[in-house]
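Engineer: Handing you a structure now.
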Amino acid sequence: MIIAAWWPDLRSWPWSNKSAHQAEKPINGRPPRAPRPNYNKIHAQPLPVNAYPLPPFIAHNPLSWLHIAAVYIRENLSPPPSHPEPHYRALWLASTGTIHVTDEQTIRALWEKGFFGKGSLSRSEPTWLEREKRKLGVSAADTSEQWTRQRREERRQFKNERAKKEREAIEERLRQETGDAANGTAVVRSENQREISIVHEEQTTISSSTPPVNGPPNQPSSSHLPNPPPQHLPLPLTIPNREHLQLSPEETFFLVYALDALTIHLTPTSPPLPLSTLLNLLCTHSTFPPTPTPTIPPSNPFLISYTVYHHFRSLGWVVRPGIKFGVDYLLYQRGPAFAHAQFSIVVVPSYRHAYWRGRQEAEVGRKGKSWWWVHAVNRVQSQVLKNLVLVFVEVPPPVGAGEGERDGQGGGDGQQGQGEEIKDITSLLKRYKIRELVLKRWTPNRSRD
Amino acid sequence: MTTPPLSPSRPPSPPPDLDPTDETQDFRFLSLAPTTSTLPRRGEKDFEPHGTVSQSSTLAASRDAMHAALSYTRSQAPKHALVGVLELESGITRVERERGIHARTMGREKGGGWELLPEEALYLLERGGLEVRWRGGGPGEEGGGEDEGLPMSLQAAYAFLVGAQGLNVERYLVYAGLKRSGYVVLRGPAWYEGDEERHYGGPPAAIEEEKGWKRWWGMLFQGKEVGQSPPAMGPLVGKGFYRSHADIYRLLSIVPCHDPTTATKHENTSSASSQSNRALEDSGSPRLRPCFYVWKPSTPYKKSAPGAPDFRVAVLDARDSSFPTLQQLDDLLQSVPYNPPPASMERQPVQKLKHGYRNIILAIVDQGVVSYMRIADAGFCKEKLYDRLGRGTGSKRGGGRGRGRGRGRGR
């Protein structure tokens, strides 16, 4: 009996090798695939800050008692570091207003521990170098982009096969019907011939635009496989990695402010930026064109989006940008390597406090989103099997503007408290309030039971 | 080129939430309908004519079946006929004796007769199950024998009933659509503008107690509580030694969020209602309310004891409203009772979040087309995912769907 309830153990997953075994079996007669890497081991740490749980306690096994005792004593004598030492380093590029990580080990660590950032030449995980190596035949490792391409190719082939079978069935039926009718009228026959010629046209267009299923004999079928490793290329000694990891502003600030795992530098040799400077930079660049102001109001877009990002990260979700699905964020339960995102997030700032009445931000928000917009977003999310969540962020008034006033009691008169230089980001974050509402299309015909 | 849609001879009243151009319908099942007790399946779709005799004969058979079904003469025995008299002042239709299956879910007994609300009368009239007569000899004419009233035309019934008793076209469309789908639909308590509906507070006290007990348990076994306040400019997670990631995540959680297991700020019903009413009036946005209570067809429904409805529906016009503000939604969600996820979902965080703690259905009517949307208080802060880190993900052990074959819809 395993009792590991008190300290959930991340070092030994009972199912850690299952997926690798499953991948070796050929499914439906398709060629077997190379075993997948063990993502449970690679992504065992959910954040770049390490935790050290005790090994599992097995009551009937005295060895496990000893193991626990040994680990406990060793970790008490010399505690292992919780934070990366030295800090991970990233560069702020003023020309584009982006944050880059170029050190390869840092890139791997940030991706593996918490899925931070995006490879500049990849879909999300920085795999450009692997793909290049595979193209040149140096490495045989698979990347997720290749899996996707291969899967799409297989799906297209399957659809072509199916269309071909359907066409053949129709032709067969046409032949039968014309045969049954023995001396059918000329009209019928000419119609049938027209149909057949259309079918032939379709075939030719298919074969010209896309690689055919079992291509014509003069083409070698292997040329349609994604990225065949050529055999006669000379092996280059080293391929320079042209890819960097780009961190979103929210990810950067989370890593710096919340976790203290990252430092931001203006040049590779300069000292790290202080947190207040970084916050000012990110807030300034959250609008286009950047609006440098000494004071930052709580309605700053970066502050609002960071509040949401921080909220979901602090609950244990893996938060990734959701622009591909027309939303602000995607929520993954353990990370994109394990399963599809479950929820998609749209951030809606709400200016409920009396201070905001009549101000520009509140007026824009008060008009609200049209029903057509809401339906469009919701339709896209249900098409990709995600659940839409509207995250309302109640924006607080600036410090000093709404002091001692309750909701609906009349706000500041516009002169005081336009914003402030943020000296206490923690207490500012504590003044926002978040409310999540799940939206779903409801169909009477399917809710009857 | 597609098979022409058979719209000219569609059945007279299609459900408003189905777009008839969505699919080409195969009506052959209609000819089988009287002999089978279950609903027939629709046929397979053909996207284009391919010149085979079998296809064209299938199409012809489908058309014939549809025409046969439409040309069927419906008749009603005189003794089953329902005849009501419309009272123009109140909009109520009075029927002498209730008959038929609709009496179980519609109308109410009064003085030996049966009274129908405007939407109920209109719905029955549309179905052909009711004949409405003018009171007396005609409009404006008082007196005369009660039985001598002339039958009212459908147009006249619409003219008098829509607009009576707060019934507008949007509400009637939602009502009729839900009724046609088999639901039992009643007016909610907040039908009129000025009506004070109930404001429901938080959950029953038992849950609060359990929460306290759970917190005590958590304090005892889940490691140290966060003691000191986090530093003003970070880091929230300083250097140190952490036994579990849950400790780290607990340090991170500083952003306040709405706890759906407690009422927002309404303690007692009457003052809470007027308070939020005033706040909404201040903000200039109209108040939303659930105007229909809906029971599923499968729910055993008794007119004398309806029980709690399965759904609460608020009706909105898409043209003169936009997506509600947080204030409106908060007010609306407070007016429905606390309905937490069932205990069977305890190990399925995603299911729990999708279910939510309070929910309401919005019916958005755009020029006669109704679209329904369910809105629920998700309560993400009640689902601490980090507590599940070591345990896997419930039913989806071993990493969920992962890289399946051919089921990817984007990551």
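The values are calculated or read from the model by the stated rules, or taken from the named source; none is laboratory data. What you see is a predicted model; the values in this text were computed from it and never measured. When we count neighbours, we look across all protein chains shown, and the Cβ atoms used for this are built from the backbone with ideal geometry, even at glycine. With ligands, DNA and RNA removed, areas are computed over all heavy atoms of the protein, side chains included. Shrake-Rupley method; radii C 1.70, N 1.55, O 1.52, S 1.80 Å.
Engineer: B:E120: among the acidic types (D, E), open to solvent by less than 70 Å² (accessible area, probe 1.4 Å) and over 27 Å from B:P297 (Cα atoms), yes or no? Spell out how you get there, then give the answer.
Structural biologist: Values: among the acidic types (D, E): yes; open to solvent by less than 70 Å² (accessible area, probe 1.4 Å): yes; over 27 Å from B:P297 (Cα atoms): no.
It is false that B:E120 is among the acidic types (D, E), open to solvent by less than 70 Å² (accessible area, probe 1.4 Å) and over 27 Å from B:P297 (Cα atoms).
Engineer: List, please: which pairs have Cβ atoms under 7 Å, are six or more places apart or on different chains, and start with a residue in the range B:301-327 that is under 24 Å from A:E361 (Cβ atoms) and end with one that is of a type in the set (S, T, Y) and part of a strand (DSSP E or B)?
Structural biologist: From the range B:301-327, the pairs are B:T325/A:S350; B:L326/A:S350.
Engineer: Within the range B:315-349, which residues are among the β-branched types (V, I, T) and in contact with an Asp or Glu (Cβ under 9 Å, 6 or more places away or on another chain)? Full working, then the answer.
Structural biologist: From the range B:315-349, those among the β-branched types (V, I, T) are B:315, B:325, B:336; that's our starting set.
Listed by number, the list holds a single entry, B:V315.
Engineer: Another question about this same structure. Just to be sure I understand, how many residues within the range B:329-355 are open to solvent by less than 40 Å² (accessible area, probe 1.4 Å), assigned to a helix (DSSP H, G or I) and more than 9 Å from chain A (Cβ to nearest Cβ)?
Structural biologist: Of the residues in the range B:329-355, 5 are open to solvent by less than 40 Å² (accessible area, probe 1.4 Å), assigned to a helix (DSSP H, G or I) and more than 9 Å from chain A (Cβ to nearest Cβ).
Engineer: Pairs please, first residue from the range A:438-449 and within 7 Å of chain B (Cβ to nearest Cβ), second anywhere and open to solvent by 100 Å² or more (accessible area, probe 1.4 Å), Cβ atoms under 8 Å, 6+ apart in sequence or on different chains.
Structural biologist: Correct list of pairs: A:R441/A:R379.
Every residue, every condition in (1) more than 13 Å from B:K179 (Cβ to Cβ); (2) modelled with pLDDT under 80, yes or no:
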{"position": "B:L88", "(1), (2)": "yes, no"}
{"position": "B:G100", "(1), (2)": "yes, yes"}
{"position": "B:A103", "(1), (2)": "yes, no"}
{"position": "B:G112", "(1), (2)": "yes, yes"}
{"position": "B:E115", "(1), (2)": "yes, no"}
{"position": "B:L124", "(1), (2)": "no, no"}
{"position": "B:R127", "(1), (2)": "no, no"}
{"position": "B:G136", "(1), (2)": "yes, yes"}
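Engineer: Based on what the data block shows, is A:H100 surrounded by 14 or more Cβ atoms within 10 Å (Cβ to Cβ) and over 25 Å from A:F302 (Cα atoms)?
Structural biologist: Working: surrounded by 14 or more Cβ atoms within 10 Å (Cβ to Cβ): yes; over 25 Å from A:F302 (Cα atoms): no.
Answer is no for this residue.
Engineer: Under the condition of being in a loop (DSSP other than H, G, I, E, B) and open to solvent by 10 Å² or more (accessible area, probe 1.4 Å), which residue from the range A:246-261 is modelled with the highest pLDDT?
Structural biologist: Ranking the qualifying residues of the range A:246-261, first place goes to A:S248.
Engineer: I've got another one for you. From A:R175, A:R123, grab the single residue that is over 24 Å from A:A337 (Cβ atoms) and open to solvent by 30 Å² or more (accessible area, probe 1.4 Å). Write out each step before concluding.
Structural biologist: Numbers: A:R123 fails: over 24 Å from A:A337 (Cβ atoms).
The conditions single out A:R175.
Engineer: Which of the residues belonging to the range B:106-125 are touching a helix residue (DSSP H, G or I) at 6+ places or on another chain (Cβ under 9 Å) and either of a type in the set (V, I, T) or outside any loop (DSSP other than H, G, I, E, B) (or both)? So that I can check it myself, show each step before the final result.
Structural biologist: Initial filter on the range B:106-125 (touching a helix residue (DSSP H, G or I) at 6+ places or on another chain (Cβ under 9 Å)): B:106-107, B:114, B:116-125.
Correct list: B:W114, B:L116, B:P118, B:E119, B:E120, B:A121, B:L122, B:Y123, B:L124, B:L125.
Engineer: A further question follows. Would you say A:K113 is of a type outside the set (S, T, N, Q), within 26 Å of A:L330 (Cβ to Cβ) and surrounded by 16 or more Cβ atoms within 10 Å (Cβ to Cβ)? Working first, answer last.
Structural biologist: Values: of a type outside the set (S, T, N, Q): yes; within 26 Å of A:L330 (Cβ to Cβ): yes; surrounded by 16 or more Cβ atoms within 10 Å (Cβ to Cβ): yes.
Against the criterion (of a type outside the set (S, T, N, Q), within 26 Å of A:L330 (Cβ to Cβ) and surrounded by 16 or more Cβ atoms within 10 Å (Cβ to Cβ)), A:K113 qualifies.
Engineer: Oh, and also: Output the residues belonging to the range B:106-117 that are among the aliphatic types (A, V, I, L, M) and open to solvent by 20 Å² or more (accessible area, probe 1.4 Å).
Structural biologist: In the first step, residues of the range B:106-117 are kept if they are among the aliphatic types (A, V, I, L, M); the result is B:106, B:116-117.
B:L117 - this is the single residue of the range B:106-117 that is among the aliphatic types (A, V, I, L, M) and open to solvent by 20 Å² or more (accessible area, probe 1.4 Å).
Engineer: If I go through the range A:38-95 residue by residue, how many of them are modelled with pLDDT of 90 or more, open to solvent by less than 20 Å² (accessible area, probe 1.4 Å) and β-branched (V, I, T)?
Structural biologist: The qualifying residues number 1.
Engineer: How many residues does the range B:53-82 hold that are open to solvent by less than 60 Å² (accessible area, probe 1.4 Å) and assigned to a loop (DSSP other than H, G, I, E, B)?
Structural biologist: Residues flagged as open to solvent by less than 60 Å² (accessible area, probe 1.4 Å) and assigned to a loop (DSSP other than H, G, I, E, B) within the range B:53-82 amount to 3.
Engineer: Also, quick follow-up: Quick test for you: out of B:R289, B:R319, pick the one residue that is basic (K, R) and open to solvent by less than 40 Å² (accessible area, probe 1.4 Å).
Structural biologist: Details: B:R319 fails: open to solvent by less than 40 Å² (accessible area, probe 1.4 Å).
Within the list B:R289, B:R319, the selection yields B:R289.
Engineer: Something else now. Of all the helices (runs of 4 or more DSSP H) wholly in the range A:61-179, which have at least 1 residues that are more than 20 Å from A:T263 (Cβ to Cβ)?
Structural biologist: Working: elements: A:62-77, A:104-112, A:128-135.
Fully inside the range A:61-179 and qualifying: A:62-77, A:128-135.
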